[in-house]
Amino acid sequence: MSNTKDNQGQLWEVFVQASPGIPHKHSGSVHATDKEMALQNARDLYTRRSEGTSIWVVPSSAIVASAPEDSGMLFDPSNDKPYRHPTFYVMPEGAKNI
Amino acid sequence: MENVNHLEKFQAVIDADSKIEPKDWMPEDYRKHLIRQISQHAHSEVIGMQPEGNWITRAPSLRAKLILLAKIQDEAGHGLYLYSACETLGISREELIEQLHTGKAKYSSIFNYPAVTWADIGAIGWLVDGAAIVNQISLQRTSYGPYSRAMIRICKEESFHQRQGYEIMGKLALGTPEQKEMAQDALNRWWWPSLMMFGPHDTDSPHSGKAMTWRIKRESNDVLRQRFIDKTVQQTEVIGLKIPDDKLKWNETKGVYEHGEIDWEEFNQVINGNGPLNKIRLANHISAHENGAWVREAANAYAAKQKKEVLVA
């Protein structure tokens, strides 16, 4: 952190829900010194044209992210486990609505 | 050995037209190039508020004033999207501002020209934002994820800017002879600097080489400039104005407009600080930043006090 005179506040990540019922999606970041300011800045920056119905702001430092080098292990497509998909199962001839 | 492996993987991601994200390994030069380009872009958005801000109190109608305020607020927003994208590369907002103030980082030379009449506000929206859009549409496909996402967001908002500028020019061009003359005068002054916004010719562009291999830039300066010229000529004809270039003519075989030579001496002069308003633009930014110091101090003091209260409670 640099001196107070230049301090632009900490970084917050902004998540906006575009319409009721759908998930909040990451929109970008803002700088703010406290949570009210973060919310206000996020509103001013990311929802000037009715882009949202709800906003979440989270201090960037609170986000735990997976490391790119672990992505192989974490996101293996599990092609050896086809029984996780409904198409794996053989349905009896003539059965409906299943 | 490790680096060679990293570099191959990195280039493979880029060649597959996928995106590089902040935590991914990247060559130091890629990071440096991005910081330079994105910060220059961010500073341009912010400095670009000045020529227009100059006209808020003199806008000719309440409608025009509201539009101008909204546009300038957008420019501030675009600056902030870009600063955030740049910060993902490991540089702080404070450092970015400092680089602008010390002259280490540049902003687009176009904003060193004055907006002397209301028609200039039209010309800036139509031509300057128009040229910026051509560049930004291409940059939506840049290889760095946060930069690409910022560009997509900016492009969505930017077309209003160009249309409001063109509307101003169109109205003036259809007005009294004096108004039409004012519009033509603004076009005369802004045309060439707008072409310069795309940077030097491809053969003289010092930063382009690796930027294309790394897909930071997707199309060359000359390709983008040509696209801007080709679409602007027709728009100029529709409102009855004339582009100030005697050599401008349609080339049937190539399917593009040929244009006269750009005054690169002027371009270099403005880049090197000798444009009409370089000193004033920067001095304004520095003074706004310094005058805002008490706000930052108060906000930080308030945040510290709140934290203390939470601890006590």
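The values are calculated or read from the model by the stated rules, or taken from the named source; none is laboratory data. All figures in this text were calculated on a predicted structure; none of them were measured in a lab. Note that each Cβ is placed from the backbone with ideal geometry, even for glycine, and that neighbours are counted across all protein chains shown. Please note that ligands, DNA and RNA were not included when accessible areas were found on the heavy atoms of the full protein model with its side chains. Shrake-Rupley method; radii C 1.70, N 1.55, O 1.52, S 1.80 Å.
Taking B:Ile271 as the residue in question, decide whether it is in a helix (DSSP H, G or I), within 14 Å of another protein chain (Cβ to nearest Cβ) and either touching a residue at least 60 places away in the same chain (Cβ under 8 Å) or among the polar types (S, T, N, Q) (or both).
So B:Ile271 fails the test.
Only one residue in B:Ile72, B:Ile14 is in a helix (DSSP H, G or I), open to solvent by less than 50 Å² (accessible area, probe 1.4 Å) and without any contact (Cβ under 8 Å) to a residue 60 or more places away in the chain, so which one is that? If you could, list the steps in order and put the result at the bottom.
On the way: B:Ile14 fails: without any contact (Cβ under 8 Å) to a residue 60 or more places away in the chain.
Of the residues listed, the single one that is in a helix (DSSP H, G or I), open to solvent by less than 50 Å² (accessible area, probe 1.4 Å) and without any contact (Cβ under 8 Å) to a residue 60 or more places away in the chain is B:Ile72.
Could you please find all residues in segment B:97-122 being within 17 Å of the chain's Cα centre (by Cα), closer than 26 Å to B:Ser194 by Cβ and of a type in the set (A, V, I, L, M)?
If the condition is that a residue be within 17 Å of the chain's Cα centre (by Cα), closer than 26 Å to B:Ser194 by Cβ and of a type in the set (A, V, I, L, M), then B:Leu100, B:Ala105, B:Ile110, B:Ala115, B:Ile121 are the ones that fit.
Okay, residues lined up against (1) among the hydrophobic types (A, V, I, L, M, F, W, C); (2) under 20 Å from B:Ala132 (Cβ atoms); (3) loosely packed, with under 13 Cβ neighbours inside 10 Å:
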{"site": "B:His201", "(1), (2), (3)": "no, yes, no"}
{"site": "B:Ser205", "(1), (2), (3)": "no, yes, no"}
{"site": "B:His259", "(1), (2), (3)": "no, yes, no"}
{"site": "B:Ile262", "(1), (2), (3)": "yes, yes, no"}
{"site": "B:Val295", "(1), (2), (3)": "yes, no, yes"}
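Pull up segment B:62-85, narrow it to residues that are touching a helix residue (DSSP H, G or I) at 6+ places or on another chain (Cβ under 9 Å), of a type in the set (A, V, I, L, M, F, W, C) and more than 11 Å from every other protein chain (Cβ to nearest Cβ), then point me to the one that is nearest to B:Lys106 (Cα to Cα).
Per the stated criteria, the residue is B:Ile72.
Might you check whether a residue that is under 17 Å from the mean Cα position of the chain (by Cα) and within 21 Å of B:Trp190 (Cα to Cα) occurs anywhere in segment B:135-151?
Taking every residue of segment B:135-151 in turn, at least one turns out to be under 17 Å from the mean Cα position of the chain (by Cα) and within 21 Å of B:Trp190 (Cα to Cα).
Which one is farthest from B:Gly90 (Cα to Cα) among residues in segment B:125-156 that are free of Cβ contacts under 8 Å to residues at least 60 places away in the same chain and within 14 Å of chain A (Cβ to nearest Cβ)?
Among those residues, the one meeting the criterion is B:Lys156.
Pick out the one residue from A:Ala32, A:Ala65 that is aliphatic (A, V, I, L, M) and surrounded by fewer than 17 Cβ atoms within 10 Å (Cβ to Cβ).
Criteria check complete, one pass: A:Ala65.
Report the residue count in segment B:20-67 for those that are out of contact with any Asp or Glu (no Cβ under 6 Å at 6 or more places or on another chain), open to solvent by less than 50 Å² (accessible area, probe 1.4 Å) and in a helix (DSSP H, G or I).
The qualifying residues number 20.
For segment B:101-124, state whether one or more residues are within 14 Å of chain A (Cβ to nearest Cβ) and either more than 24 Å from B:Gly240 (Cβ to Cβ) or not aromatic (Phe, Trp, Tyr) (or both).
Yes, segment B:101-124 contains at least one residue that is within 14 Å of chain A (Cβ to nearest Cβ) and either more than 24 Å from B:Gly240 (Cβ to Cβ) or not aromatic (Phe, Trp, Tyr) (or both).
Could you check how many residues of segment B:139-166 are in contact with a Leu (Cβ under 6 Å, 6 or more places away or on another chain) and in a helix (DSSP H, G or I)? Spell out the reasoning first.
Quick first cut of segment B:139-166, residues in contact with a Leu (Cβ under 6 Å, 6 or more places away or on another chain) only: B:144, B:150-151.
Still in the list and also in a helix (DSSP H, G or I): B:150-151.
Qualifying residue count, segment B:139-166: 2.
Contact list please: Cβ distance under 7 Å, first residue in segment B:281-296 and facing chain A (nearest Cβ under 10 Å), second residue open to solvent by less than 50 Å² (accessible area, probe 1.4 Å) and assigned to a helix (DSSP H, G or I), pairs at least six apart or on different chains.
Close Cβ pairs satisfying both conditions: B:His289/B:Ile97.
Of all residues in segment B:97-118, how many are of a type in the set (Ser, Thr, Tyr) and part of a loop (DSSP other than H, G, I, E, B)?
4
Check off (1) under 30 Å from B:Val295 (Cβ atoms); (2) away from chain B (no Cβ under 14 Å); (3) out of contact with any helix residue (DSSP H, G or I) (no Cβ under 8 Å at 6 or more places or on another chain) for A:Lys35 and give me the number that stays unchecked.
(2)
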